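Following: one structure in structure tokens, then a few remarks.
The values are calculated or read from the model by the stated rules, or taken from the named source; none is laboratory data. The structure presented is a predicted model; accordingly, all values stated were derived computationally and were not measured. When we count neighbours, we look across all protein chains shown, and the Cβ atoms used for this are built from the backbone with ideal geometry, even at glycine.
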Amino acid sequence: MGLRLFFTLWCLAAFLGGWAVSAIPSPVSSFWAGLGILSLLLLSGYIAYRKTGSQIRAFLSRPEMTHSLSWATDILDPLYEATVRLYREREQSARKLKEGSSRFDAVMNHMEEGVVVTDLKGKILLVNRAFFRFFKVDGEVRGESFGLLARKAGINDLIEEVLQRRASVQKEVVFSGTTPPRTWSLVGTTAKGSGETDLFGVFLLFDLTDIRHLERIRKDFVANVSHEIRTPLTSIRGFAEALHDGAVDDPRTAREFLGIILAHAERLGNIVSDLLHLSELETGKAVMRFGTVSVARQMRHIGELYADLAAKKGVSFKLSLPDEDLAYETDEGKMDLVLGNLVDNAVKYTPSGGEVMFGGWKEDDRIVFEVRDTGVGIPRPEADRIFERFYRVDRARSREMGGTGLGLAIVRHIVEILQGTVRVNSSPGQGSTFCVRMPLRQPPNPTATPG
């Protein structure tokens, strides 16, 4: 009924509208005719809605329809809830997977060790950031052959053994592709993936250069300490036995032997003192007492200590002082030790007729001390090691001069603790120049004490 009424009114409105348009051709009449048609259409729609809406409501309120809709709701509601729950679970799983991937990447890329994962053909599947540092490569490497990169480092045989024999192996190699050469340890094995036949090659690269260097220093230190202590002890024991066997009855001989024993005992004491001092510096137990120090006054003090020694050896000693008002913040006692050690070495290793120059000046925000001599000089390879403990270019000459072999090691540690630098430039037969650069002001230091 509602549909028929709607159709009838619509036709009547269309007829009246068409008649109005044909009867009154003016633009104004056409407008009003169109408006009338629209009004009739809206009126017919409203009447049809009123009629059909009530019929639809009556139809849906019938008992059988209520039961049908209830049955559909019982099915659709759980389905909707299950769909929402599944969506949320997948969203949560994706979020956890992303978080886990981010943590994995963070851990991998903060490792000092290089990590490489390959397939069984040696194609790179995964690397971490340290890998690029080891092999000095840039850009994308996934899909590349690990064997080609490893061949340059001399470790491709290990990779082939892991991938072909499924073995777990370890190899230490010296990689000469860097300056200076580095010592690596490569550990390789295979790992299973999700499937039984899903295998990967996993390789870890460790840089052992610093460890091997420390081991060499430790071995040298033990050997040197043993030798340095054994030499004076042997002399002390020998001359003591000679006195015990009768030399003590000869006053002149006894006095000479006792003098030798005292000299070697003093040398032992100096070695122990320097070892304790160096230990404090290396372990951070040395307390720095900062104060404002006049550069000229400090240099004049050091010059006075060694001028007589230079004169006795026939060595010309020149002092080049800066302006009196030039000062810097430092531990005066520690810097006296540094400068005194450098000047002492310069005088000792410069032959008669040579020259030692001790100068100081300001350069930017640094105080520069320079000790230059015309002595025997140091070969270039040796110059890189003279700041190591007990290292000597000429052991016999050094012992003859009375050194402990620890002075320059102490110099380096003090200068570094005081935020400075020390460098040497030397050639055999051309003398040596030691240059120390110290800051004008010291940064805050928890171990420092005001002077």
- Message: With farther than 14 Å from Val415 by Cα, at pLDDT 85 or above and hydroxyl-bearing (Ser, Thr, Tyr) as the only criterion, which of Ser279, Ser320 stands out?
- Response: Ser320
- Out of (1) of a type in the set (A, V, I, L, M, F, W, C); (2) closer than 30 Å to Pro181 by Cα; (3) assigned by TED's automatic domain parsing to the domain that holds Gln164, the one Val225 does not meet is (3)
- Residue ID - surrounded by the fewest Cβ atoms within 10 Å (Cβ to Cβ), chosen from residues in segment 335-356 that are within 40 Å of the chain's Cα centre (by Cα) and under 12 Å from Leu319 (Cβ atoms): Leu339
- Message: Checking Asp308 against (1) assigned to a loop (DSSP other than H, G, I, E, B); (2) surrounded by fewer than 19 Cβ atoms within 10 Å (Cβ to Cβ); (3) out of contact with any Gly (no Cβ under 8 Å at 6 or more places or on another chain): exactly one of these is not met. Which one?
- Response: (1)
- Message: Looking at Leu205, Leu243 in this structure, which one is surrounded by 15 or more Cβ atoms within 10 Å (Cβ to Cβ), at pLDDT 85 or above and not in a helix (DSSP H, G or I)?
- Response: Leu205
- Query: Somewhere in segment 330-346, is a residue assigned by TED's automatic domain parsing to the domain that holds Leu408, farther than 17 Å from Val424 by Cβ and part of a strand (DSSP E or B)?
  - Reply: yes
- Looking only at residues in segment 130-178 that are in contact (Cβ under 8 Å) with a residue 12 or more places away in the chain and among the polar types (S, T, N, Q), which one is farthest from Thr118 (Cα to Cα)? Thr178
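Kindly evaluate Leu186 against the criterion of being among the aliphatic types (A, V, I, L, M), modelled with pLDDT of 80 or more and part of a helix (DSSP H, G or I). Don't jump to the end; show me each part of the working.
Values: among the aliphatic types (A, V, I, L, M): yes; modelled with pLDDT of 80 or more: yes; part of a helix (DSSP H, G or I): no.
In short, no.
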